[in-house]
Amino acid sequence: MIKNITFDTTQFDFDLINHVKKLRGDKKWSQDELSLKMGVAKSFVSNVESFTQRHKYSTRHIALLAQAFGYKNISDLVKFPTPQYDRIKVTVKQTMNESGTKALSSEVVKIEHLK
């Protein structure tokens, strides 16, 4: 079963989540491992990286992420291009299990600028 979901967010939040996901992958850390290194609930990073949850990193979390990755300066954590837009609408294609209760895979298929 395939379904599309859309959500509105800021491009900065979207880019930060994807950037942290890449950094986590480079270190070969699981979502749970990063959560524990940050000192937050074990499921926190999983919730932030999920397209069906509304969780985001706050300014507090940015400092915790920088510490977890061993950066001396927060600016080293956010080394990615300045977002082009403020708000965006993201469409994600999800492949669901047979009962439709769990996403087996997710793929961003469209990003639109919101005015």
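Just need a number here: residues in segment 35-49 that are of a type outside the set (D, E, K, R), surrounded by fewer than 18 Cβ atoms within 10 Å (Cβ to Cβ) and within 11 Å of the chain's Cα centre (by Cα).
The total comes to 2.
When segment 35-49 is examined, which residues are found to be assigned to a helix (DSSP H, G or I) and of a type outside the set (A, V, I, L, M)? Walk me through it before giving the result.
To start, the set of residues in segment 35-49 that are assigned to a helix (DSSP H, G or I) comprises 35-38, 44-49.
Scanning segment 35-49 gives SER35, LYS37, PHE44, SER46, ASN47, GLU49.
In contact (Cβ under 8 Å) with a residue 60 or more places away in the chain, surrounded by fewer than 16 Cβ atoms within 10 Å (Cβ to Cβ) and within 25 Å of ILE5 (Cβ to Cβ), is that true of GLU112? Quick ask: steps written out before the conclusion?
Working: in contact (Cβ under 8 Å) with a residue 60 or more places away in the chain: no; surrounded by fewer than 16 Cβ atoms within 10 Å (Cβ to Cβ): yes; within 25 Å of ILE5 (Cβ to Cβ): yes.
No.
Check whether at least one residue in segment 74-88 is at pLDDT 95 or above, in contact with a Phe, Trp or Tyr (Cβ under 9 Å, 6 or more places away or on another chain), assigned to a strand (DSSP E or B) and within 30 Å of LYS3 (Cβ to Cβ), and report yes or no.
yes
For segment 53-64, enumerate the residues that are under 24 Å from SER106 (Cα atoms) and surrounded by 13 or more Cβ atoms within 10 Å (Cβ to Cβ).
Residues satisfying the conditions are HIS55, LYS56, TYR57.
Residues being in contact with a strand residue (DSSP E or B) (Cβ under 8 Å, 6 or more places away or on another chain) and not hydroxyl-bearing (Ser, Thr, Tyr): count how many of those fall in segment 1-43.
Taking segment 1-43 first, the residues in contact with a strand residue (DSSP E or B) (Cβ under 8 Å, 6 or more places away or on another chain) are 1-11, 14.
If we keep only those that are not hydroxyl-bearing (Ser, Thr, Tyr) too, we end up with 1-5, 7-8, 11, 14.
Of the residues in segment 1-43, 9 are in contact with a strand residue (DSSP E or B) (Cβ under 8 Å, 6 or more places away or on another chain) and not hydroxyl-bearing (Ser, Thr, Tyr).
One line per residue, one yes/no per condition, for (1) part of a loop (DSSP other than H, G, I, E, B); (2) surrounded by fewer than 16 Cβ atoms within 10 Å (Cβ to Cβ); (3) of a type outside the set (Asp, Glu); (4) in contact (Cβ under 8 Å) with a residue 12 or more places away in the chain:
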residue	(1), (2), (3), (4)
LYS3	no, yes, yes, yes
LYS22	no, yes, yes, no
GLU33	no, yes, no, no
PHE51	yes, no, yes, yes
ALA66	no, no, yes, no
LYS72	yes, yes, yes, no
VAL90	no, no, yes, yes
GLU98	yes, yes, no, yes
THR101	yes, yes, yes, no
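The values are calculated or read from the model by the stated rules, or taken from the named source; none is laboratory data. In this text, all values refer to a predicted model and were calculated from it rather than measured experimentally. Note that each Cβ is placed from the backbone with ideal geometry, even for glycine, and that neighbours are counted across all protein chains shown.
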